[in-house]
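These notes concern the structure reproduced below.
The values are calculated or read from the model by the stated rules, or taken from the named source; none is laboratory data. Because the structure is predicted, anything quoted here is derived from the model rather than measured. So basically every Cβ, Gly included, is an ideal-geometry build from the backbone, and we count neighbours across all protein chains shown. Just so you know, the surface numbers come from the protein's heavy atoms only, side chains and all, with ligands and any DNA or RNA stripped out. Shrake-Rupley method; radii C 1.70, N 1.55, O 1.52, S 1.80 Å.
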Amino acid sequence: MYPLQNVFLWMNQVINVTSNFIGYSPQSETTFHTYPPPVIPDFDAYCNRFVPELDIPGARLHFTQFVAGGTNLSFPDNHPTCGIPHQVISSDICRVAMSVPTSESSEISLEAWLPVNYSGRFLSTANRGFSGCILYNELEFATSLGFASVGANNGHNGTSGFAFLNNPNAIADYAYRSVHTGVVAGKELVNSFYRSPFRKSYFLGCSSGGRQGFKEAQDFPTDFDGIVAGSPAFAFTRIISWGGALHKATGDPESDTFLTPELWAVVYDEVLRQCDALDGAKDGLLEDPNLCQFTPETLICSEGQTSDCLTGKQADTVRTIFSPFYGLDGRLLYPRMQPGINTKKHVPFYFEGIPWDLTEDWFRYVVYNDTTWDGRNFSVADAMFSASQNPSNIETWEGDLSAFAKNGGKILSYHGLQDFVISSEISQLYHAHVSRTMNLPPHELDDFYRLFYVSGMDHCRDGDGASAIGQDLGSSAGRDPNENALMAMVRWVEEGIPPEVLRGAKLSADGSVEYWRAHCKWPKRNHYTGPGSFTDEESWQCI
């Protein structure tokens, strides 16, 4: 258990600290220090016969494979729940697959994708949910930008938590060992392949992957020079319990507390009516949900009204969801679901009337080792017991990042304000925790740790606004560091130019840019000042 409740006081204070930002003007395009890639004659033949020289006992090479650019590469051995049966490869790579032990009785499966256009940069990808899945799409995104990239399976296969049952090694792999082991092995493999050391090391991940990035900064501060971590699953056991609490609040579909998708659409319209204009613009997006103190009781049915309204019990459900989750001792367990999530477009799985699968998996296979545990029986006492366990310190709530900062490391974190999976408020609570722990005000944390909120971004990507910040394949409008979060991190590490804003593009179905918006560095917030259109980037100001 960690004391989060007093963070709200800090938040209210820091939100009121307004130093005017004169607006965004794009920096001139930076020419990075480039390194000539190692010359590897007959790259395809060299790849197919490559045997890595690794100083890692027990590591086993499965295969090396040259993959030509343009290939639609299939993954027949990938677990079907991983949902990535194939991936188009944009440039020539050498694919290396191997296993690396994490203990006497556990191991990870690892792949390294080594591009012919290697930039001298190493990158580790991450995972999502409980997934034991290598994210091949993120490997492709990274290698297309010249990074030699690795990904691992978290020590198990598939997206279920069943592997954790009576298996502390699997839990430890998931909590931290998979990424760190993959980094150690991956760096040796990259250096062996190119016959020269990498120059800089980077991390890219979101959701559970965002948590993995911060876990690396907390526990292995020399692994990376730059970490891009989106929507981090901080306070991990408590977000799992929060999912159980949200289902408890809505109840089953037959319950008088349950809201149908049609009613959630009504709620969303009312949230916008009450709060959309608080940032100066009625554009369907909330730039700062902290300003929105939503009153669901306005939707209670008037006498004779039978549709598009709520009962008192349903209004109580909505108020519970948009309120913090507290423990039996009155301490904060997890912040509220932030208003502004688009429940008109999709109802979060917490609200669907069935227990969240991650909640059931964690309590069945980790907390109680009881495969019959039913999420419908969840209680606050369960949440507190789970938090007290914190296996392998999976909470990832350490506030002292001084070793990472001293090593010269940089963290660029982002969180979507329409995130319906992980409350965006948890990112500012952790930022506040670091600020207090290190005794540094936010502007001094900026030297190594910057947090950006992205209005109109769902969980990690997509959404109603300018959510394409260059965080993954299909969420990038270009490679320029003014348009791409990963390359902005490279510029920060290698040129010493930190991002003041995080520019996002609203992409149309064909990938063209509809408009740009410069997302602000916390604790500043975006405000529409005009006089142009809401889609005019220069009509917004960070205050």
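Take the alpha-carbon centre of segment 307-328, take the same for segment 394-440, and report the distance between them in whole Å. So the two Cα centres are separated by 29 Å.
Only the Cβ atoms of Lys and Arg (+1) and of Asp and Glu (-1) were treated as charged; on that basis the dipole of the chain about its Cα centre amounts to roughly 920 debye. The calculated 222 nm mean residue ellipticity attributable to helices in the chain amounts to -8000 deg cm²/dmol, summing -39500 (n - 2.57) over DSSP H runs of n ≥ 4 and dividing by all residues. Computed with a 1.4 Å probe over protein heavy atoms only, the accessible surface of the chain comes to 38 Å² per residue.
Peptides 226-234, 260-268 ranked from most to least packed, by the mean per-residue count of other Cβ atoms within 10 Å: 226-234, 260-268.
Solvent-accessible area assigned to carbon and sulfur over the chain amounts to 51 percent, based on a 1.4 Å probe. With the simple spin-label model, which puts each label point 7 Å out from Cα in the Cβ direction, the ASN393 to ILE497 separation comes to 3.7 nm. Positive-end ranking of SER512, ASN482, SER424 along the dipole of segment 403-543, with charges on Cβ about the Cα centre, is headed by SER424. Remark: spin-label model distance ASP77-GLN274 equals 5.4 nm, labels positioned 7 Å along the Cα→Cβ axis. Within the chain, DSSP assigns beta bridges of which about 60% are antiparallel (rounded to the nearest 5).
FRET efficiency for the pair SER91 and ASP374, taken as 1/(1 + (r/R0)^6) with r the Cβ-Cβ distance and R0 = 51 Å, rounds to 0.55.
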